[in-house]
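Visitor: Below is a structure I'd like to ask you about.
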Amino acid sequence: MKCCLVVDDSKVIRKVARRILEEMNFQIMEAVDGQDALEQCLQEAPDVILLDWNMPVMNGIDFLRSLRERAEIKQPVVVFCTTENDMAHIRTAMEAGANEYIMKPFDREIIEAKFSQVGLM
Amino acid sequence: MKPEDFQLLSDLLKRRSGLQLSPEKGYLLESRLTPLARKRGLEGLDELIAEIRNTRDETLMRDVTEAMTTNESFFFRDNTPFDLFRNHVLPGLRECRKDRKHIRIWCAACSTGQEPYSLAMILKEQQATLPGWRFEIVGTDLSPKVLDKAKQGVYSQFEVQRGLPIQLLMKYFEQTGEMWQLTDQIRQMVTYKEFNLLDPFDALGKFDVIYCRNVLIYFDQPTKTQILDRMRAQIPADGTLFLGAAETVLGITDVFKPVRGQRGMYIPADSPALAQPAAAIA
């Protein structure tokens, strides 16, 4: 079973994502911000990270840049999942090492399509 | 709904589009035609049916047909038919058509354009390896309304997220407010025509590849057979046909054979590939 780390400061979004991803047969870890996510990645490397952009403590893009610099972490697939829905943010995310990008709101169909494109399905 | 009303609408749809409406799908008439009735200032479906019966108005009958057709579509739908095109069909055509350097593709019932544009993006991505080649993609549909949307190439955030890889969105779309506009370089690769699959195909010309996915399921068996047999006449022996995942030629026609291990991909029964042991059919 593949493991997905859901990183979002919204409890509601984490709950919705968990429900969808569990139905897709993923094991779920949760983090409330980028710092929390980075600490968890050092403990246990997930296969994929579903990553919000705007979060307190450490935002999604800073987390991603830190993650991609850490040679000691087995690098997971990173799929941004954010309300930032403009081309500038998408380019920034992809340049920082994201593998896919979901613009909120999302549903199961979109997550499945995006996960399929990065070889997770 | 009264049986005679169901019969009137079902006959109209069969005659004009080939669409086969079974009695258990009668609820679709209510759900799809009631908004049309309201749009025309009528009370409901009964009044709409009365108007069809009394006036036989061409515009009304076209609107009814259009409202009843299913137009769901998304980019790279089901992935496999596009992977097969990129990895199997295109390399084959590169060899077989190297003298002509011209590939023609027909997307039958292309709806709002996502299928032909997906193919156009694949071809554009491969263009560096095919210098001097011409690609022609023809998208046809019964509905002028969906063709208008296809021609515009403007899609919502929801539509561009269903199947379109983010790299292709970045490369071939521009954001206009809440919508995403496909760039001219891709739009210009596709031409659209209003076309009914029950009509003769001759005027469309010949094709190397035909995509006719998730259309035949709406037709009865004799209609499926005659459409597939006529499609065979539109492609050469080394051409390819793609059908939807829930569709098949088996038990419907012998002019196409499925390609083993390649879901949804069919080749003519007299294809030269079938003479080679490696290309055995299912």
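The values are calculated or read from the model by the stated rules, or taken from the named source; none is laboratory data. Fair warning: this is a prediction, and the values are worked out from it, not measured in the lab. Because the Cβ atoms are built from the backbone with ideal geometry, glycine has one as well, and the counts that use them run over all protein chains shown. For the accessible areas, the whole protein counts, side chains as well, though only heavy atoms, and no ligand, DNA or RNA atoms are used. Shrake-Rupley method; radii C 1.70, N 1.55, O 1.52, S 1.80 Å.
Visitor: For the interface of chains A and B, what total accessible area is buried with a 1.4 Å probe, rounded to the nearest 100 Å²?
Guide: Roughly 1600 Å².
Visitor: If Lys and Arg each add +1 and Asp and Glu each add -1, what is the summed charge of the other residues whose beta carbon sits under 13 Å from the beta carbon of B:Glu4?
Guide: On the way: positive: B:Lys2, B:Arg53; negative: B:Asp5, B:Asp11, B:Asp46.
With Lys, Arg at +1 and Asp, Glu at -1, the net is -1.
Visitor: Which number comes out as Rg/Rh for chain A once both Rg and the Kirkwood Rh are worked out on C-alpha atoms?
Guide: Details: Rg = 12.8 Å, Rh = 14.0 Å.
My calculation of the ratio gives 0.91.
Visitor: Also, I was wondering about something else. Report, in whole Å, the centroid distance computed from the Cα atoms of region B:8-48 and region B:147-193.
Guide: 31 Å
Visitor: Shifting gears a bit: Please report, to two decimal places, log10 I(q)/I(0) for region B:80-279 at q = 0.08, 0.12, 0.13 Å⁻¹ as given by the Debye formula with identical point scatterers on the Cα atoms and no solvent.
Guide: Cα-only, vacuum Debye calculation for region B:80-279: -0.26, -0.61, -0.71.
Visitor: A follow-up question, please. Roll a 1.4 Å probe over the protein chains and send me the accessible area per residue for chain B in Å².
Guide: Averaged over the residues of chain B, the accessible area is 45 Å².
Visitor: Another one. Take B:Gln185 and A:Glu23, extend 7 Å from each Cα along the Cα→Cβ direction, and tell me the distance between the two endpoints in nm.
Guide: 3.9 nm
Visitor: Next up: Determine which residues of region B:61-97 fall in the zone a paramagnetic label at B:Lys145 would reach in this model, i.e. backbone nitrogen under 16 Å from the point 7 Å along Cα→Cβ.
Guide: B:61-73
Visitor: A further question on this structure: So which of A:Lys74/A:Lys104; A:Lys114/B:Lys145; B:Lys145/B:Lys193; B:Lys124/B:Lys151; A:Lys104/B:Lys124 end up more than 20 Å apart, counting from Cα to Cα?
Guide: Details: A:Lys74/A:Lys104 27 Å; A:Lys114/B:Lys145 29 Å; B:Lys145/B:Lys193 12 Å; B:Lys124/B:Lys151 18 Å; A:Lys104/B:Lys124 29 Å.
Beyond 20 Å between Cα atoms: A:Lys74/A:Lys104; A:Lys114/B:Lys145; A:Lys104/B:Lys124.
Visitor: A drop of at least 20 square angstrom in accessible area, chain alone versus all protein chains together, probe 1.4 Å. Which residues of region B:158-190 meet that?
Guide: Residues meeting the cut-off: B:Phe158, B:Gln161, B:Arg162, B:Gly163, B:Pro165, B:Ile166, B:Gln167, B:Met170, B:Gln175, B:Trp180.
Visitor: If you don't mind, another one. Check chain B for me: any Cys whose beta-carbon has no other cysteine beta-carbon within less than 4.7 Å?
Guide: Result for chain B is B:Cys96, B:Cys212, no neighbouring Cys Cβ within the cutoff.
Visitor: Students often forget the sequence filter, so: which lysines lie under 18 Å Cα-Cα from B:Lys257 once same-chain residues fewer than 8 apart are removed?
Guide: Cα-Cα hits under 18 Å: B:Lys224.
Visitor: Once both labels are modelled 7 Å past Cα along the beta-carbon direction, what's the B:Thr80-B:Thr176 spacing in nm?
Guide: Result for the modelled spin labels: 3.6 nm.
Visitor: Using a 1.4 angstrom probe on heavy atoms only, work out the carbon and sulfur share of the accessible area of region A:3-107 in %.
Guide: 47 percent
Visitor: Loop-only trypsin sites (Lys or Arg not before Pro) in region A:34-121, please: DSSP not H, G, I, E or B, and at most 11 other Cβ atoms within 10 Å.
Guide: Details: sites: A:Arg65, A:Arg68, A:Arg70, A:Lys74, A:Arg91, A:Arg108, A:Lys114; in loops: A:Arg70, A:Lys74.
Hits after loop and neighbour filter: A:Lys74.
Visitor: If you don't mind, there's one more thing I want to ask. For the pair A:Met94 and B:Glu72, how long in nm is the line joining their label points, each one 7 Å along Cα→Cβ?
Guide: Here the answer is 2.8 nm between the modelled labels.
Visitor: Can you tell me the FRET efficiency between B:Arg32 and A:Ile73 if r is taken as the Cβ-Cβ distance and R0 is 60 Å, rounded to the nearest 0.05?
Guide: Numbers: r = 52 Å, r/R0 = 0.87.
Computed FRET efficiency for B:Arg32 and A:Ile73 comes out at 0.70.
Visitor: Which whole number gives the average count of other chain Cβ atoms within 10 Å of the Cβ atoms across peptide A:81-90?
Guide: Averaged over the peptide's residues, the number is 2.
Visitor: What are the lysines whose alpha-carbon lies under 18 Å from the alpha-carbon of B:Lys2, with same-chain residues fewer than 8 places away excluded?
Guide: Hits, sequence-local ones excluded: B:Lys25.
Visitor: With each run of n ≥ 4 DSSP H residues scored as -39500 (n - 2.57), what mean residue ellipticity at 222 nm is computed for chain B after dividing by its residue count and rounding to the nearest 500 deg cm²/dmol?
Guide: -11500 deg cm²/dmol
Visitor: Between 0 and 90 degrees, rounded to the nearest ten: what's the tilt of helix B:58-68 against the longest Cα principal axis of chain B?
Guide: For B:58-68 against chain B, the angle is about 70 degrees.
Visitor: Let me ask you something else. Would you please report the Å³ per residue occupied by the convex hull of the alpha carbon atoms in region B:111-182?
Guide: So the per-residue Cα hull volume is 94 Å³.
Visitor: Angle check, please: helix B:3-17 long axis (alpha carbons) against the longest principal axis of chain B (alpha carbons), in degrees 0 to 90, nearest 10.
Guide: 30 degrees
Visitor: Using a Förster distance of 45 angstrom, determine the FRET efficiency expected from the C-beta separation of A:Arg65 and B:Met1, and round it to 0.05.
Guide: Taking R0 as 45 Å, the efficiency between A:Arg65 and B:Met1 is 0.15.
Visitor: Hey, any idea what the orientation-averaged projected area of the convex hull of the protein assembly as shown's Cα atoms comes to, in nm²?
Guide: 23.7 nm²
Visitor: Is it possible to state the helix-based mean residue ellipticity at 222 nm for chain A, with each DSSP H run of 4+ residues giving -39500 (n - 2.57), the sum divided by total residues, to the nearest 500 deg cm²/dmol? What is it?
Guide: Numbers: 5 runs with 52 residues, N = 121.
After summing the helix terms and dividing by the residues of chain A, the value is -13000 deg cm²/dmol.
Visitor: Hey, got a sec? Which GluC sites (Glu not before Pro) in region A:29-121 land in a DSSP loop and have at most 15 other Cβ atoms within 10 Å?
Guide: Of the GluC sites (Glu not before Pro), the ones in loops of region A:29-121 whose Cβ has at most 15 other Cβ atoms within 10 Å are A:Glu44, A:Glu72.
Visitor: Now, a different point. Roughly how many Å is it from the Cα centre of region B:72-120 to that of region B:229-262, as a whole number?
Guide: Each part reduced to its Cα centre gives a spacing of 15 Å.
Visitor: Over region B:80-279, with every protein chain in place, what whole percent of the accessible area is carbon and sulfur at 1.4 Å, could you tell me?
Guide: The C+S portion of the solvent-accessible surface of region B:80-279 is 53 percent.
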